[in-house]
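Right, one structure below, let's go through it.
The values are calculated or read from the model by the stated rules, or taken from the named source; none is laboratory data. Just so it is clear, the model here is predicted, and its values are computed rather than measured. Neighbour counts are summed over all protein chains in view; Cβ atoms, including those assigned to glycine, are modelled from backbone coordinates with ideal geometry. All accessible areas refer to the heavy atoms of the entire protein, side chains included, with ligands and DNA or RNA removed. Shrake-Rupley method; radii C 1.70, N 1.55, O 1.52, S 1.80 Å.
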Amino acid sequence: MTYLNFVIVYCLRQLNGERSIYSVYHILKGKKSSQSIQDAHLFQLQSFFLSLPNLSRSYFNEKVNKLADGKFIIVNEESKAEVTEKGEEVLKQFKMTAFFPHHMNGLVYGDRAFVCWRRLNLLVQVLSNMNHKETSYFPVQRGKNVQEWIKKFVRGVPDKDQLARSLFKELHGVFSEMKGKDPSLLVFRLTGYQDYGLTEVQAAEKLNLHGEEYRFRFLDFLHGLLVRIDQQKGKYPILFSLSEVSQQQRDLTLSTAKTFDLYEQGYSISEISRIRKLKVNTIEDHFIEIILTKEHFDTECFILSDDLHKATSVIAQLGTKRLKPIKERLPDLTYFQIRIAIAKAGGRNESPT
């Protein structure tokens, strides 16, 4: 079983047959929809969100078909999967002996990690070439936004030599704090003067890792790096600057953020639906995302605390997040109120173990 096969089986087991296999596909790919974000939260799959943004549907289907052929999973006509005893046993053994990305949290660090990596990679190249008085080279990062950001950042620092020394000091310091983590996962891919960093495939080969496993180890290292940078912003000011993104990129999807802005202005769900020319169900989706993302969001205006407690108790008793059986037990509550209770009962920013 390859590493990605393990990840897919793990994710399918987390879904417990309550979502289709494509929920896993959208989570791995990091689809910016309320449904995918909700599923990642509710089924404790935050770690894997946006871990494989370039994953194709055909390759994912190929992986799922091989798992089904190998009797690790059973996929029904509704494209929902059940992990077999064979799958459970392999999963158990794999988790005991293989690497698990405990530091990863794609919902929190997904986009930000990619931005930080691209900026860091280009900044190291720029400073290295400056140190050697070289002005003609191909930038390792071709994205215009990244290049413009680095130009502005470097321009704003008068002493470039000091910037290079400070960046080295920060990297050395934060790497030293990451006990048990191999900085080579990242360092091998950095580009300097006349020395291009390794590709993802080359780095995997050099570290004697399967490419799929290397991918998750790299992201786990990068996310762990961001955790430490956030905890000690004053100690790592350059790295923190490299990792800064807009609040929008950190939290809500764009459409949900617009809904939240209107809500804070005092508009109701029906009014927001009318103003935005969106269905009420869509606006309700946005509020579920808001509840899952914003820890202290007050839901009392949508569901009374007694009803919320009653609903979460039923959810725990039934052991499911499916709406129909919960609604049968709680006919007086709306589906939206039940979804709020499911969101409240689900895990929040927890790494799976």
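Tabulated data for the structure shown
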{"quantity": "Other-chain or far-sequence residues with amide H under 5 Å of Ile73's (modelled H)", "calculated": "Ala68, Thr84"}
{"quantity": "Region 83-191: proportion of alpha-carbon pairs further apart than 16 angstrom, %", "calculated": "70"}
{"quantity": "Solvent-accessible area, 1.4 Å probe, carbon plus sulfur percent, for region 60-199", "calculated": "52"}
{"quantity": "Debye-sum result for region 225-296 in log10 I(q)/I(0), which assumes one identical scatterer on each alpha carbon, at q = 0.22 Å⁻¹", "calculated": "-0.89"}
{"quantity": "Relative contact order of the chain, pairs being alpha-carbon contacts under 8 Å that are 6 or more residues apart, as %", "calculated": "22"}
{"quantity": "Of Tyr267, Phe221, Val146, farthest towards positive along the dipole that unit charges on Lys, Arg, Asp, Glu beta carbons give region 144-275", "calculated": "Val146"}
{"quantity": "Projected label distance in nm at Glu78 and His309, using a 7 Å step from Cα toward the beta-carbon", "calculated": "3.3"}
{"quantity": "Two-site label geometry, Val227 and Lys71: point separation in nm, points 7 Å out along Cα→Cβ", "calculated": "3.9"}
{"quantity": "Electrostatic dipole magnitude of the chain [Cβ: Lys, Arg +1; Asp, Glu -1; Cα centre; debye, to 20]", "calculated": "720"}
{"quantity": "For region 309-323 and region 181-234, distance of Cα centres in Å", "calculated": "41"}
{"quantity": "Magnitude of the charge dipole, region 224-296, Cβ model with Lys/Arg +1 and Asp/Glu -1, debye to 20", "calculated": "180"}
{"quantity": "Solvent exposure, largest accessible area first (probe 1.4 Å, DNA, RNA and ligands not counted), of Asp159, Asp69", "calculated": "Asp69, Asp159"}
{"quantity": "Phi-based couplings in Hz for region 79-86 (Karplus 6.51, -1.76, 1.60; Gly and Pro marked x)", "calculated": "6, 9, 10, 10, 7, 7, 4, 4"}
{"quantity": "Zero-based 10 Å bins, Cα pair distances in region 157-254, whole percents", "calculated": "13, 38, 36, 12, 0"}
{"quantity": "Glu77, Glu18, Glu148, Glu328, reordered so the largest accessible area comes first (probe 1.4 Å)", "calculated": "Glu77, Glu328, Glu148, Glu18"}
{"quantity": "Phi-based couplings in Hz for region 112-123 (Karplus 6.51, -1.76, 1.60; Gly and Pro marked x)", "calculated": "5, 5, 5, 5, 4, 4, 5, 5, 4, 4, 6, 4"}
{"quantity": "For Gly192, residues with placed amide H under 5 Å, excluding near neighbours", "calculated": "Gly197"}
{"quantity": "Among the listed pairs Lys32/Lys279; Lys92/Lys321; Lys29/Lys179; Lys66/Lys86; Lys258/Lys344, those beyond 20 Å (Cα-Cα)", "calculated": "Lys92/Lys321; Lys29/Lys179; Lys258/Lys344"}
{"quantity": "Whichever lysines have a C-alpha closer than 20 Å to that of Lys152, once near sequence neighbours (fewer than 8 apart) are set aside", "calculated": "Lys133, Lys144, Lys160"}
{"quantity": "Computed accessible area, Thr293, all protein chains, 1.4 angstrom probe, square angstrom", "calculated": "40"}
{"quantity": "Cα-centred dipole magnitude for region 1-130, charges only on beta-carbon of K, R (+1) and D, E (-1), debye, nearest 20", "calculated": "480"}
{"quantity": "Positive-end residue, the chain charge dipole about Cα centroid, Cβ charges, pick of Val314, Ala204, Ile290", "calculated": "Ala204"}
{"quantity": "Additional length obtainable on full extension of the chain from Arg329 to Ser56, 0.36 nm per residue less Cα span", "calculated": "94.3 nm"}
{"quantity": "Helical contribution to [θ] at 222 nm, DSSP H n ≥ 4, -39,500 (n - 2.57), averaged over the chain, rounded to 500", "calculated": "-19500 deg cm²/dmol"}
{"quantity": "Accessible area per residue in Å² at 1.4 Å probe, computed on the chain", "calculated": "51"}
{"quantity": "Dimensions (Å) - region 1-53, Cα atoms, principal axes, largest first", "calculated": "32, 24, 16"}
{"quantity": "3J(HN,Hα) from dihedral phi, region 11-18, Karplus parametrisation 6.51/-1.76/1.60, rounded to Hz, x for glycine, proline", "calculated": "5, 5, 5, 4, 5, 6, x, 9"}
